[in-house]
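Comments concern the structure below.
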Amino acid sequence: MSSLPLPEADGGGRYPGFRTLAQADHWDRATSAVVESRLGIPPDVRFFTPPEEAAASALFDLLLGQQDEPRVPVVNMVDARLAEEQTDGWHYDNMPRDGEAWRATLAALDSEARSRASCTFARLDPDQQAGLLRDICNLDREPWHGLPADRVWSLWTRYACTAFYSHPLAWDEIGFAGPAYPRGYKNLGVDRLDPFEVRDIRPGADPTHGADR
Amino acid sequence: MSRVRDRNESAWLLPTGPGSNLRLREDMRRHDETDEVDIVIVGCGAGGATLLQRLARAGWHAVALEAGPFWEPERDWVSDEAGSHHLYWTEPRVISGSDPVPLGSNNSGRGVGGSMVHFAGYTPRFHPSDFRTFSTDGVGADWPLDYADLRPYYEDIEAELPVAGEHWPWGDPHGYPHRPHPVSGNGELFLRGANACGITAKVGPVAIANGRFGNRPHCIYRGFCLQGCKVNAKASPLITHVPDALAHGAEIRPHSMATRICFDEHSGLATGVEYVQGGVTRFQRARMVAVAGYSIETPRLLLNSTSLRFPDGMCNDYDQVGRYLMVQGAPQTAGRFQAEVRMWKAPPPEVSTEDFYETDPAKPYKRGFSIQCVSPLPITWAEHVAAQGHWGPTLRRYMSDYPHWACLGALCEFLPLEENRVTLADETDRQGIPVARFSYSQCGNDRQLMSAAQQVMEEILTAAGAEEVITINRYAHLVGGARMAATEDAGVVDRNCRSFAVPNLLVTDGSVLPTQGSANPALTIMALAARAARVLVHGAHGGARMSAKED
C-alpha cells in the first residue's frame, strides 16, 4: 500500500510526495513497534459475528469515505479493540457497554435495512446506505431502535476515527508528520516547516466552503 | 524558601537524558504486610505522590498502593495517540444525568504519576477569590482556608516541577522560576488575536522545564505531551516526586487496587487498606490512611468501605461523600487560516488568558473562564470534526485541511452542585466490587459561561485572521466529591484534608476541592497535599497518631 485513494475534490493529493513512514528511521523503538504493527496483515475478526462484520464493514466504509482499495482495515482494528475489551470503560446509563452496544446497533442497521429494502445493510446500494445513515444522524437525541441516536452516532464515529486516523497512510493525506521522538521539531511558528514536512499545494481549499466541491 | 534540591532531589536522581532510575526501584524499601506502617496512601498521582515524598523525607514509613503500573517511559510510552490508551483509567463506570461526562481519557489516569502523566502541563494557581466565592459572589462555596494558606506551597511546587512562564498578572501576581517557552503557530495566533482584541494573553504557565533542570533535559517540542513525556521534560510526579520519595525509604506497590479501607469499631480508627494484587487479596496495616484516588475512585472506595459504624460508607454520616463533584466546561473553538499553523508541533500548552476569570458585574452570570491553547492530534481532531456532523468524503476533506487550523480551549468554572455526584451502581468490576455511577447536570450559570467563552474564542481567532470557526462542547478535569469544609455536615474533610469522622483518615487529592476556579487543578492538588503533609509532620512527629492540635 503506498497511498489511500482520495479524489482531489475530497482533499486528495494536497501534500505531494509526503510520507510519514519515510521518517520511521527517526522513531524510537517502542513507538515504531506500535505504529508498524498497523501496517501488516490485520488481526482476524474475532469479536463480530459474520453478519455483524458485514454490517460493520459497510458502515465504516461509509463513515470514512473508503470506497476503493487499498483501505485502512478499520473493521479488523475495531474488532480487535472490542475482542480485547480495549474500551474507555464508561458507558451512558441509557446505553449498554461498548461491546454490547456494537452488537445491538449493527443488528439494528440490518433490521432497518430489511424494513426498507428486504436485505441486509451491507447489501443495500450505496445511496440507500448513505440515506439510512443520514436519517440516523439527523435524529439527534431521538431514540433509534431503543437507543438514543446521538449516542449511537458518537459510538460509531469515535471508534471509526480512532482506527482510521491512527494509520500512517491517513496521516499522509492530512500532512501530519506522525511520531516525533527523539527528533522533535525545530521550526516552530506560522508557516514555518521542518525540512521533512511538505507544504499544502492547495491552501485555498477551505473545507467549510461548499464551493470547493 | 529552601533550595529546591535540598527539599526534593528528584530531578538529580534521574539519569541524564531520558529514562528512569531503575536502581532506585530495585533498591526500594519493602515493608512487610504485617508491619504497621506509619501511613498507607491509596493512589500515586498528584496528591498521593506529593504526600508520599513529603512524609518519606520526614522519616515516616510510608507505602503507596497504585492500581496501575510503575511506568518506564522509554519502554511503556509512545509518540502515538491510539497507542497511548493504556495511560487512562478504563475500568467500568456508569455516567448519567442531563449532561453526562465521558471519562476514561483526558480526565483520568492510572499508574505511578497519575493523570499528570498525560495532562497537557498547564499549572496555573487559583485566584484569591476562588477561596470565597459564596461570600463574594453568592455562588459555590467558601473554602475553610485562604489563598494565603496555600501560597507558600504553590511557590514550593512551582519550583519543584518546575513551571515556565511570563510574569503572571492575574489573581495574586507572581513570577515563575523558568522563563517562558518559545511558541508555535497556534500560540502565535492566539497572542496576535488577543492583542488585536485588547485581551491580555501570556505565555505559560506550563510545568515543562525551559533549560536543563537537574538531570532532566530540555523540551524537544515534539507535541506529544498528552501521550506521556518520554523526554522527561514535562513534569509528572513520576519524575518530580517519586524518585526523592524512594530515595528516602518510601515504598510504592504497583498493580495494587485498593478495595476497602478497614475500620476498627472499638477505637473508631482506620486500621489499614485491603487491596488486590495479581488476584490475591492482601491487607496492609497502617497507623494512618490517606486516600488519593481522585474524584471518582476516592468516593467509590469510601462508599464501598462499609462497617457497623458506617453502614452507608466511610465518612458518610452526612451524605456528603461523592457530592459536589465538578468538571470544567471546556469548549474548544478552532479557526481556519490560509497560512499553515501545524498546531501539533510543540507542546499543546502554550498561551493563556485569565482576563475573564473573575465575576464581571456587567454580565448575567457569576464567575468566569480562562482560555488556553490546545492542539488536538489527528484522532482528537477527527472527533472534533465528526462532532460537527461531518462524515464520509466531507470528513476526509476537512481532515486534509488539518495544517490550516488553530485551536483554543476554554475552562469554564462550573459550580459545585449537590446532586452532581458519585454513587454506587448495580454493576460490579472484575473484583466483584460495585462500580461508580457519576451523575452530572449543568445549571444555567454553567451554560451561560460555555456560550460566553465560545464567543470570546471566536473573537480572538477571527481577529487573528481566521476565515471560519467551529466549536465543540466538551469537559475537562474533575474535582470535588469529598470536599473540605468548615463543619462536618458540609463536607468530608477539614482544612488539613483530615476526615471529620475518622481521625486517622485523610483524603489528599482533587476530590477535596470545594470550588475549581477556571484553573487546571494539578498544581492546587499538589499544593494541598504538600500542605497536609506539613501539618501531619509538625503535628505528629514520627508518624504518631495525629493530635487534636492542628497547624
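The values are calculated or read from the model by the stated rules, or taken from the named source; none is laboratory data. Quantities reported herein were computed from a predicted structural model and do not represent experimental measurements. No Cβ is skipped: glycine too gets one built from the backbone with ideal geometry, and neighbour counts run over all protein chains shown.
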* Structure fact -> Selection from the stretch A:11-53 of residues charged (D, E, K, R) and without any contact (Cβ under 8 Å) to a residue 60 or more places away in the chain yields A:ASP25, A:ARG29, A:GLU36, A:ASP44, A:ARG46, A:GLU52, A:GLU53
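I'd like to verify a number: residues in the stretch B:143-174 that are more than 22 Å from B:ARG7 (Cα to Cα) and among the small types (Gly, Ala, Ser), how many?
Just the residues of the stretch B:143-174 that are more than 22 Å from B:ARG7 (Cα to Cα), to begin with: B:143-147, B:165-173.
If we keep only those that are among the small types (Gly, Ala, Ser) as well, we get B:165, B:171.
Number of matching residues: 2.
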* Among residues of the stretch B:384-417, those that are touching a residue at least 12 places away in the same chain (Cβ under 8 Å) and in a helix (DSSP H, G or I), counted -> 8
* Asked: If we keep just the residues of the stretch A:104-116 that are surrounded by 17 or more Cβ atoms within 10 Å (Cβ to Cβ) and among the charged types (D, E, K, R), which is nearest to the chain's Cα centre (by Cα)?
  -> A:ASP110
* Which of the residues belonging to the stretch A:51-65 are touching a Gly at 6+ places or on another chain (Cβ under 9 Å) and closer than 15 Å to A:THR162 by Cβ? -> A:LEU63, A:LEU64
* To do: Quickly run through the stretch A:10-35 and pick out the residues that are in contact with a Lys or Arg (Cβ under 9 Å, 6 or more places away or on another chain), at the interface with another protein chain (Cβ under 8 Å from one of its Cβ atoms) and in a helix (DSSP H, G or I).
  => A:ASP10, A:ALA30, A:THR31
* Among the residues of the stretch A:27-36, is any under 30 Å from A:THR120 (Cβ atoms) and surrounded by fewer than 16 Cβ atoms within 10 Å (Cβ to Cβ)? -> no
* If only one of A:TYR165, A:TYR159 is touching a Leu at 6+ places or on another chain (Cβ under 9 Å) and at the interface with chain B (Cβ under 8 Å from one of its Cβ atoms), which one is it? -> A:TYR165
* To do: Out of the residues in the stretch B:107-126 that are part of a helix (DSSP H, G or I) and hydrophobic (A, V, I, L, M, F, W, C), state the one that is farthest from the chain's Cα centre (by Cα).
  => B:VAL117
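Residue by residue, here is whether (1) surrounded by fewer than 23 Cβ atoms within 10 Å (Cβ to Cβ); (2) within 30 Å of B:PRO376 (Cβ to Cβ); (3) within 14 Å of chain A (Cβ to nearest Cβ); (4) in contact (Cβ under 8 Å) with a residue 40 or more places away in the chain holds:
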{"position": "B:HIS255", "(1), (2), (3), (4)": "yes, no, no, yes"}
{"position": "B:THR271", "(1), (2), (3), (4)": "yes, no, no, no"}
{"position": "B:VAL291", "(1), (2), (3), (4)": "no, no, no, yes"}
{"position": "B:ASP317", "(1), (2), (3), (4)": "yes, no, no, yes"}
{"position": "B:GLN320", "(1), (2), (3), (4)": "no, no, no, yes"}
{"position": "B:GLY335", "(1), (2), (3), (4)": "no, yes, yes, yes"}
{"position": "B:VAL341", "(1), (2), (3), (4)": "no, yes, yes, yes"}
* Does B:PRO348 fit the bill of being in a loop (DSSP other than H, G, I, E, B) and under 20 Å from B:ASP489 (Cα atoms)? -> no
* Quick one: in the stretch B:90-106, which of the residues that are under 17 Å from the mean Cα position of the chain (by Cα) and more than 7 Å from chain A (Cβ to nearest Cβ) is nearest to B:LEU424 (Cα to Cα)? -> B:VAL101
* Asked: Is there a residue in the stretch B:160-179 that is β-branched (Val, Ile, Thr), touching a Lys or Arg at 6+ places or on another chain (Cβ under 7 Å) and under 27 Å from B:ALA529 (Cβ atoms)?
  -> no
* In the stretch B:157-256, which helices (runs of 4 or more DSSP H) lie fully inside it and hold 1 or more residues that are modelled with pLDDT of 95 or more and within 30 Å of B:GLN277 (Cα to Cα)? -> B:237-240, B:242-247
